[in-house]
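The values are calculated or read from the model by the stated rules, or taken from the named source; none is laboratory data. Just so it is clear, the structure is predicted and the values come from calculations on it, not from any experiment. Cβ coordinates were reconstructed from backbone atoms using ideal geometry, including for glycine residues, and neighbour counts include every protein chain displayed. Just the protein is used for accessible areas: all its heavy atoms, side chains included, with ligands, DNA and RNA removed. Shrake-Rupley method; radii C 1.70, N 1.55, O 1.52, S 1.80 Å.
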Amino acid sequence: MYVKNGPLQTKKSWLNLLTVCLFKQSSMFKWQFIIFLVYTILIYRSVNCQVDFSDDDEEEEIKIYQPKPIDYVNNVYSANKAPNVYSMSNQNQANNQLVGSEKTMEQFLDRLLHESVYDRRIRPFYTDSKDSKPVTVLMNMHINTISGISEVNMEYTVDCFFRQEWFDPRLTYSNSSWKHVEDITLHYDLVNKVWTPDAFFRNSKDAKSHKITVPNRLIRIFPEGRVLFSQRLTLRLECPMKLQKFPLDNQTCTINIGSFGYTLKDIIFEWSKTTANTIPVTISNKLEMPDFILTAHKSSVCQRKTSTGSYACLEVHMLVSRCIFI
């Protein structure tokens, strides 16, 4: 160990000089020597504490702190980033990527009804081009009861099952791992996640859907994209009556169904007829009315034109005869 630029050269000279100064010299010289010694030590420490980097050390430091290449960073980012399979820019590609990857029904429905691949605000078959075609909705009805026929209020009440069917290609799952399932009945809350027609009853005064013990509505999808939507409804409907022949009168009461907002360019209503003999409107064989007898009923297709456009409509005509008790 050496002290640079100093008179002392070895450890031995240090010890000899210290002995002479402490034991043989005057006190004044001793203090001067101590000050000199402290000053020398400080110089020694400052010189030897300097870091002398060699070329190897510099290369090592550069290697450690050199930033990663851009490609390397991008690869790491891509490997850790979850893929966005529900990209709105390519819905078909997202569907193809997920076909066959759903291990549970929950995963399958999450993919099928995810808001980024299925938009319930858009009707089926709608496109931005002129090739856009209307969606056809098939309807049928089963009437459970007819009651409350009132000559004073010109109204009557019907309890019925109202069913609608249509095709929605976005709900097709014939190419998925669940294609073996003949149909999927969805929870009633999922009705709000699927597009449904805007059918309403034109001549209704009041209407309610049954909610005991749960909302009485059914939605079922099929592999080819067919959708069945059924509800139980109680309707209070207008029935204009001609009472000139009272009490020997016959009255015709109607149920008029129409589209509230979609015109004929967007939606068409038809009665459901699987065969030529199919009756789209059926009546319960246990139907009883206190003052009338249902003698006949028929269904028809109509159109309504208003100031806002032309709309599809369907009608049910029910002929009732008043009972006379002698």
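Tell me which strands (runs of 3 or more DSSP E) are completely within segment 241-326 and hold 2 or more residues being surrounded by fewer than 17 Cβ atoms within 10 Å (Cβ to Cβ), or say none if there are none.
Because the criterion is at least 2 residues that are surrounded by fewer than 17 Cβ atoms within 10 Å (Cβ to Cβ), the strands (runs of 3 or more DSSP E) in segment 241-326 that meet it are 250-259, 292-306, 309-322.
For residues in segment 103-138 being part of a loop (DSSP other than H, G, I, E, B) and basic (Lys, Arg), which is most open to solvent (accessible area, probe 1.4 Å)?
Going through the qualifying residues, I end up with 130.
Run down 188, 173, 156 and say which single residue is farther than 21 Å from residue 267 by Cβ and in contact with a helix residue (DSSP H, G or I) (Cβ under 7 Å, 6 or more places away or on another chain).
It is 173.
Do you know which residues across segment 274-290 are at pLDDT 90 or above and either more than 42 Å from the chain's Cα centre (by Cα) or hydrophobic (A, V, I, L, M, F, W, C) (or both)?
Scanning segment 274-290 gives 281, 283, 285, 286, 287, 288, 289.
Going through segment 221-230 one residue at a time, which ones are out of contact with any helix residue (DSSP H, G or I) (no Cβ under 6 Å at 6 or more places or on another chain) and either open to solvent by less than 40 Å² (accessible area, probe 1.4 Å) or among the basic types (Lys, Arg) (or both)?
222, 223, 226, 227, 228, 229, 230
Could you check segment 139-220 for strands (runs of 3 or more DSSP E) lying wholly inside it with 3 or more residues that are surrounded by 13 or more Cβ atoms within 10 Å (Cβ to Cβ)?
Filter on segment 139-220 gives 155-167, 199-201, 204-209.
I need a count of the residues in segment 158-205 that are at pLDDT 95 or above and among the basic types (Lys, Arg).
The qualifying residues number 3.
Could you tell me which numbered condition residue 244 fails, if it satisfies all but one of (1) over 26 Å from residue 196 (Cβ atoms); (2) touching a helix residue (DSSP H, G or I) at 6+ places or on another chain (Cβ under 7 Å)?
Residue 244 satisfies all of (1) over 26 Å from residue 196 (Cβ atoms); (2) touching a helix residue (DSSP H, G or I) at 6+ places or on another chain (Cβ under 7 Å) except (2).
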